[in-house]
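Novice: A single structure is presented below for examination.
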Amino acid sequence: MQIMKESFGELDHKPVFSFTIINDQGVEVTAINYGCIITRIMVPDKNGVLENVVLGYEVLEDYLSDSNYLGAIIGRVAGRIRGGSFELDGKKYTVAQNDRTNHLHGGIQGFDKVVWNAKIIEDGVCFSYESKEGEEGYPGNLSIEVIYTLNNDNEFLIRSEAKTDQKTLLTVTNHSYFNLSGNSKKNILNHSLTLKSDEFLELDEGLIPTGHIAEVTNTPFDFRLGEVIETGVTSKHPQNVLAGNGYDHPFLLNSNHDNEIMLKDSESGRTLTVETDEPAVVVYTGNALQYNVQDVSTSKHLGICLETQGLPDAIHHSQFPSIILDKGQRYSSITKYKFGIKR
């Protein structure tokens, strides 16, 4: 295992570094300490050709102006909070309204837009951040670590741990856009997706959960036996049209650490298996993606996000798993991404 550290620029007089973890198979994961952004993941195709399977930029300036949350850690709360407000123990808190009147992905300056501390550890990098009380409107001082590690089985792990000195909300995720074709040669519509999920959340016009948990049976949301993404994207199902002719929906997972999410590109042979201890995955097919880099001629549907997390707007739906973190309670989350080949 090899880990390289290089300068990636500076923001507000704070140095930004890139860290590249390389395993014995030649697989590489590169991340920067601005937003814990994953900028590149190099994995082989069925012919052994190494290519990048996530969307990313080459320079810091492009990330500073990016509105897609490319590769970043999202928090304090991933997803939307209706009305940009919530109550805890009878006290109302107002958080940043950065998605019309709603709160999205931690606010205007969430975890994705700050410089984290970083240190190299065995097989990876540990990022840490102190989120002060009142940041983006959230209560409590929050200490969080996000740890990226890679092993020789081509398994990339993201582990998040946090604690707070006051009751608050917390559910984080990684917002990488995967494209297994390699180097974004094609969009992801011909990728196939398999989900161990019987249910998904119905969304309203603001893409906020209505509270209704719908069954996937006989809908374009049924990925239990595997389905080509294009089949659902082109469906005229009201929820697909609502999300911009694609997916931006939370799926409730039937099981954890059980090959519950699988993505495959038959042409390259690359596969991605995702396992997590989170209750859900938000599948986003880049319906509003704006991504401009050299040699890439399309943006929409160029990548797919598999955001393992708690359910969006959970604070307003008592039937959803809680995302409240109490004082003295330890937050812990782990998601594993295993890259493979199917010939």
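The values are calculated or read from the model by the stated rules, or taken from the named source; none is laboratory data. The structure presented is a predicted model; accordingly, all values stated were derived computationally and were not measured. Quick reminder, even Gly has a Cβ in these numbers, built from the backbone with ideal geometry, and neighbours come from all protein chains shown. Please note that ligands, DNA and RNA were not included when accessible areas were found on the heavy atoms of the full protein model with its side chains. Shrake-Rupley method; radii C 1.70, N 1.55, O 1.52, S 1.80 Å.
Novice: Can you give me the Rg/Rh ratio for region 155-211, using Cα atoms for both radii and the Kirkwood formula for Rh? Before the final figure, lay out each step's value.
Specialist: Values: Rg = 17.0 Å, Rh = 16.1 Å.
Rounded to two decimals, Rg/Rh equals 1.06.
Novice: To continue, here is another question. Given a 1.4 angstrom probe, what's the average accessible area per residue across the chain, in square angstrom?
Specialist: 42
Novice: May I pose another question? Taking every pair of distinct Cα atoms and averaging 1/r, then inverting, what Kirkwood hydrodynamic radius in Å comes out for region 180-302?
Specialist: So the Kirkwood estimate lands at 15.0 Å.
Novice: So for region 33-89, averaging the separation of alpha carbon pairs under 8 Å that are six or more residues apart and normalising by length, what relative contact order in percent results?
Specialist: 32 percent.
Novice: Which lysines, on any chain, are close to Lys327 with Cα under 26 Å apart, when same-chain ones fewer than 8 places away are left out?
Specialist: Lys91, Lys92, Lys113, Lys132, Lys163, Lys167
Novice: To continue, here is another question. In square nanometres, what is one fourth of the surface area of the convex hull spanned by the alpha carbons of region 14-132?
Specialist: The orientation-averaged projected area of the Cα hull of region 14-132 comes to 9.8 nm².
Novice: On the accessible surface of the chain, probed at 1.4 Å, how many percent belong to carbon and sulfur atoms?
Specialist: Answer for the chain is 44 percent, counting heavy atoms of protein chains only.
Novice: Ok, one more. Limiting things to C-alpha atoms, what are the Rg and the maximum Cα-Cα separation (Dmax) for region 99-145, in angstroms?
Specialist: Radius of gyration, then largest Cα-Cα span, for region 99-145: 13.1, 43 Å.
Novice: Return the aspartates and glutamates within reach of Lys342: Cα separation strictly under 12 angstrom, same-chain partners fewer than 8 residues apart disregarded; answer none if there are no such residues.
Specialist: By straight Cα distance, Lys342 reaches Asp45, Asp265, Glu267.
Novice: Run the quick spin-label model on Gln109 and Ser318: label points 7 Å from Cα toward the beta carbon, then report their separation in nm to one decimal.
Specialist: 3.7
Novice: Treat each spin label as a single point 7 Å out from the Cα along the C-beta direction, and report the Asp89 to Asn141 distance in nm.
Specialist: Each label point lies 7 Å from its Cα, and together they span 1.7 nm.
Novice: Just to confirm a number: summing +1 for Lys and Arg and -1 for Asp and Glu over residues other than Asn245 whose beta-carbon lies under 14 angstrom from that of Asn245, what do you get?
Specialist: My count for the surroundings of Asn245 gives 0.
Novice: How long are the semi-axes of the ellipsoid equivalent to the chain, from square roots of 5 times the Cα gyration tensor eigenvalues, in whole Å, largest first?
Specialist: Sorted largest first and rounded, they come to 28, 26, 18 Å.
Novice: Roughly what % of Cα-Cα distances in region 130-189 sit above 14 Å, to the whole percent?
Specialist: 68
Novice: Here's another thing I want to ask about it. For region 69-112, state what percent of all Cα-Cα pairs lands in each successive 10 Å bin, counting from 0 Å until the bin that includes the largest distance.
Specialist: All Cα pairs, binned at 10 Å, distribute as 32, 50, 16, 2 percent.
Novice: Please report how far the C-alpha centroid of region 122-147 lies from that of region 181-208, rounded to the nearest whole angstrom.
Specialist: Distance between centres, Cα-based: 29 Å.
Novice: Okay, next question. Please check: in the Gaussian network model of the chain (C-alpha springs, under 10 Å), which one of Gly90, Gly226, Gly110 has the largest mean-square fluctuation.
Specialist: Fluctuation is largest for Gly90.
Novice: Please report the net charge: other residues with Cβ closer than 13 Å to the Cβ of Ser143, K and R +1, D and E -1. Please report the intermediate quantities before stating the final value.
Specialist: Numbers: positive: Arg76, Lys132, Lys163, Lys327, Arg330; negative: Glu130, Glu133, Glu135, Glu145, Glu161, Asp165.
Once all neighbours under 13 Å are counted, the net charge is -1.
Novice: How much of the calculated P(r) for region 73-202 lies past 20 Å, in percent of all Cα pairs?
Specialist: 57
Novice: Report relative contact order for region 1-148 in percent, whole number only (criteria: Cα-Cα under 8 Å, sequence separation at least 6).
Specialist: With pairs under 8 Å counted, the relative contact order is 17 percent.
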